[in-house]
1. Roll a 1.4 Å probe over the protein heavy atoms and report the accessible area of residue 211 in Å², nearest 10.
2. Calculate for the chain the 222 nm mean residue ellipticity that helices alone would give, adding -39,500 (n - 2.57) per DSSP H run of length 4 or more and normalising by residue count, nearest 500 deg cm²/dmol.
3. With every protein chain present, what is the per residue accessible area of the stretch 204-328 (1.4 Å probe, Å²)?
4. Relative contact order of the chain, please, whole-number percent, based on alpha carbon pairs below 8 angstrom and at least 6 residues apart.
5. Sequence gap of 8 or more, or different chains, plus Cα separation below 25 Å: how many lysine pairs satisfy both in the chain?
6. Run the accessible area of the stretch 180-245 with a 1.4 Å probe and give the carbon-and-sulfur part as a rounded percent.
7. Under a Cβ-Cβ cut-off of 10 Å, what is the net charge of the residues other than residue 247 that fall near it, where Lys and Arg count +1 and Asp and Glu count -1?
8. Working from Cα positions, state the angle (0 to 90°, nearest 10) between the long axis of helix 58-67 and the longest principal axis of the chain.
Amino acid sequence: MVDIVNWAPVRRSSARGFAARTPQTATRCDASALASISIDQWRTLADRAVEPNAYNLADWELPLDATARDRTNASALTARADVSSANPDAGALIGLIPVISAWRAYRIPLPVLVSADPYGTLSTPLLDRDFPNEAAAMLLRKARAIGRHALILRNVALDGAAMKALTAALDHDGIRPHLLQTQVRACLDATQDADDLLRDALGVKKLKELRRQRNRLAEQGEVSFQVARAPGDVVPALETFLELEASGWKGKRGTALLQHDGDAAFIRRAGPSLAERGQCEIVTLRAGTTPVAAAIVLRHQDRAFYFKLGVDENFAKFSPGVQLTLDLTRHLCADTTIATADSTAAPDHPMINPIWRGRLAIGDVLIPLRRRSHVVPLARAALALRQSIRESARRVAHIIRKRRERNT
C-alpha cells in the first residue's frame, strides 16, 4: 500500500483527553463550535470560495469533527457580511477557518490559534470570491477580539488567492506574516493532453515497462479502471478501498482508517455525502473481478484532490498503484471541469512525483494579530525547539527501525 497523504508534523491529542486537562474555553478557543455552523451557509460559501479546498468542505469537516480520531471538537473563526452590533451572526457567511488552540496542537500554552487538522494536508481557508480581502480582515479581527495574539495556518497554499487576501489584510495593519516552513509537492496540470504529459514525464522506456507490467497483470484477468461517482456506487467502492488499505503496511502498523471506529465512521459518512454533491469519487483498478488498487479522490470547483491510495501488495510486482495513477491522470485530463489536481502528497514522494511534474508550494505561516506582540517571538522559538526535538527523535526511530529490519 502506498499512502500519498503528507501527515502534518504534530501529534494531536484526543478531544476527550484535552478537555479533561484544560478549561472548556481552551478547547473551544472562545470561537464558535464547528458543528454549530449552518451547513447550507457553509456549502454556499464553498461554492463561492476564491480558492478551492476540498478538505474544508462542510460534508468533509463535519463528519471529521464528529467522530475522527484525535480530530473532534474543533472551533471556527467565521466572517459574515452585513454584520450588525445588534445581531453579530447576521448576514451571509463569507469566511471560515476551522481552528484549535496552540495547546491542543502543539502543547504550547500561548494565546495562539492553529488551523485544525482536516485529515488532508491543506488548510487554505474559505473566503468568498467577491469579498476575499474583507473576509480575511474580519477573520483576523475575530481572532484578535477573543484575545489571541497570533494565528498559525498549517499546510496552506502559499501562492494562492486566500493567502494573498490574508497578506493584504495584514499589510493594511502594518503587519507581516512569518513563514515557519515550506515545501513543494506534486500537482497535475489537467488541461494538458494526458498521453503527451505522461510521455514527457516518464519517457518512452518507462512507459514501455509499465505497459509490460500491465499486460502481465492482465494474465490474472482483464484489467479495468472503474470510477464510482453516485452515492450508491461510492458506498461499496469505499469498502473496497478500506479493505485494500487495511491489507497493506498501514494495517500492519494499526493506522488504517478501517481499524479505528471513529475514522471509519467519518469516511463512511463523508464519502457518500460528498458524492451527492459531485465532490467525491472512488477509482478502482481491477484484474478480472479482483480489486488490486483503489483511491479516494475529492473535488472542489475546478480542482481534484488525491486523498488516499491503497493497493493489494500481492500484486506489487505489477505496480498497481502506479497503474491506477496513470489511469487517474488520463481520467482527470479528459474531464474539462478539472484544471488541476493536488496530490496532497509528501514532498519528493517516490510514486507521484515522477508522474505529476507540476509543483505546488505549501507552508506553515504564523500570522501576528497585534503589532509588537511578545507572544509571537515566544511562539516562534517554542515551535523551532519543538521541531528540533522531533527531528532528533525521528532520526533515532529511523535508526532503530533499520536495525530491526536487518535483524529479521
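The values are calculated or read from the model by the stated rules, or taken from the named source; none is laboratory data. These figures come from a predicted structure and were not determined experimentally. As a convention, Cβ positions derive from the backbone with ideal geometry for all residues, glycine included, and neighbour counts pool all protein chains shown. SASA here: full protein model, heavy atoms, side chains in, ligands and nucleic acids out. Shrake-Rupley method; radii C 1.70, N 1.55, O 1.52, S 1.80 Å.
1. The accessible area comes out at roughly 130 Å².
2. The helix contribution divided over the chain gives -13500 deg cm²/dmol.
3. 42 Å²
4. Once divided by the residue count of the chain, the mean separation gives 23 percent.
5. 13
6. Carbon plus sulfur share of accessible area: 48 percent.
7. With Lys, Arg at +1 and Asp, Glu at -1, the net is -2.
8. That helix lies at roughly 90 degrees to the long axis.
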